[in-house]
Amino acid sequence: ACRPRLCMYYATVVAEDIMTQRDGLVFVMRPALELNVMMAERESVKMGKRLVAASPTRYSGFHICLPDEPVYQFLKQVCVSTLGAFRKFIRVHTMSPTETEYILRNEYGIPTHEFPSTGTGRIKTKNLNNWIKFRIKLDEKRKTSLPFHGIDCPDLNSIAIRNGGLMFHHPPNKAFRSYLRDREEKREQARKNTEKQRVVIEIVKEVQAKGFRYVKWDGTEGYYVPVTDPDEIRTFVATSLRDQMKRSKAQKNLMVQKSANREDYFLSGPSEKKLKRGDSSDKSGSSGTAGM
């Protein structure tokens, strides 16, 4: 009885978001991996179908993640047949949990680090507790006339500022890095501080013209807050541009090193390498005989 109520509450929360209603909700389902729970999951899927039909939310994608084993093909067929009305939105991933998260993160831009459980089934409570605290604060603020600017999850118009690389694959962050790459050469040619600042201002204006905003993670409160201070935004853009130039330089050096190693291999030839290995083995053999 508790699970349907939670699902309806989640659906109500999601329905409040304008961008989700416009672009649609992406649903990721990872059924129980224990075989003795699979039949119970079948009933859950049926209940989920009724909840989806009653939910005031627009859905744009369903990702069903299952292990690549024959026994789970049964559950796959149950999920697909039960959600038949949404078949064109369904994507079934039958592979290891690591491979599934990699595809969801890199091909679909889904922040897998926010999942409430790991691929092995271990429940993660930190993000859930932060979300519950956020909803409590939001409900308390709604009872008063005080504004509340907290953001539980950055949308597709928000460039997320958070340490640890957790939002590296966030689609707006990817777009932001492309703007930085376009200005790398111009920033490298700049010698004066005024020229460097001009490049940063160009990036800030371009990002604003694209309709993006900046949000940063507040670790104390456990949610994101908008960044509106122009000086803080320019500082973030300047630091990000510098870091992007370092990454590009490191990638170029790595490619040059790989190319040099490949060239050395073809110039030296395999026969010379075998000869060197033969000389070393002879030397080791003679030294071993002397030692004996």
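The values are calculated or read from the model by the stated rules, or taken from the named source; none is laboratory data. Since we're looking at a predicted model, the values are computed, not measured. Note that each Cβ is placed from the backbone with ideal geometry, even for glycine, and that neighbours are counted across all protein chains shown. Side chains are part of the model used for accessible areas, which takes the heavy atoms of the whole protein and leaves out ligands, DNA and RNA. Shrake-Rupley method; radii C 1.70, N 1.55, O 1.52, S 1.80 Å.
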### Task
Would you please list the contacts, defined by Cβ atoms under 8 Å and residues six or more apart or on different chains, that run from a residue in the range 106-132 that is on the phi < 0 side of the Ramachandran plot to a residue that is among the small types (Gly, Ala, Ser)?
Tyr108/Gly61; Gly119/Ser96; Ile123/Ser117; Lys124/Ser117; Asn129/Gly222; Asn130/Gly222
#### Entry: Flag for Arg181 being outside any loop (DSSP other than H, G, I, E, B), open to solvent by 60 Å² or more (accessible area, probe 1.4 Å), touching a residue at least 40 places away in the same chain (Cβ under 8 Å) and out of contact with any helix residue (DSSP H, G or I) (no Cβ under 6 Å at 6 or more places or on another chain)
yes
### Task
Determine if the range 185-207 includes at least one residue that is within 20 Å of the chain's Cα centre (by Cα) and either assigned to a strand (DSSP E or B) or modelled with pLDDT under 90 (or both).
no
### Query
Would you call Ile233 out of contact with any Leu (no Cβ under 8 Å at 6 or more places or on another chain), farther than 29 Å from Glu101 by Cα, not in a loop (DSSP other than H, G, I, E, B) and not polar (S, T, N, Q)?
yes
### Message
Could you tell me how many of the residues in the range 163-178 are touching a residue at least 60 places away in the same chain (Cβ under 8 Å) and in a loop (DSSP other than H, G, I, E, B)?
### Response
2
### Within the range 208-230, considering residues that are open to solvent by 20 Å² or more (accessible area, probe 1.4 Å) and part of a strand (DSSP E or B), the one farthest from Pro154 (Cα to Cα)
Asp218
### Summary
Picking from Thr144, Thr120, the residue that is part of a loop (DSSP other than H, G, I, E, B), modelled with pLDDT of 85 or more and β-branched (Val, Ile, Thr) would be Thr144
### Query
Quick check: is even one residue across the range 149-162 over 26 Å from Leu25 (Cα atoms) and either open to solvent by 40 Å² or more (accessible area, probe 1.4 Å) or under 21 Å from the mean Cα position of the chain (by Cα) (or both)?
no
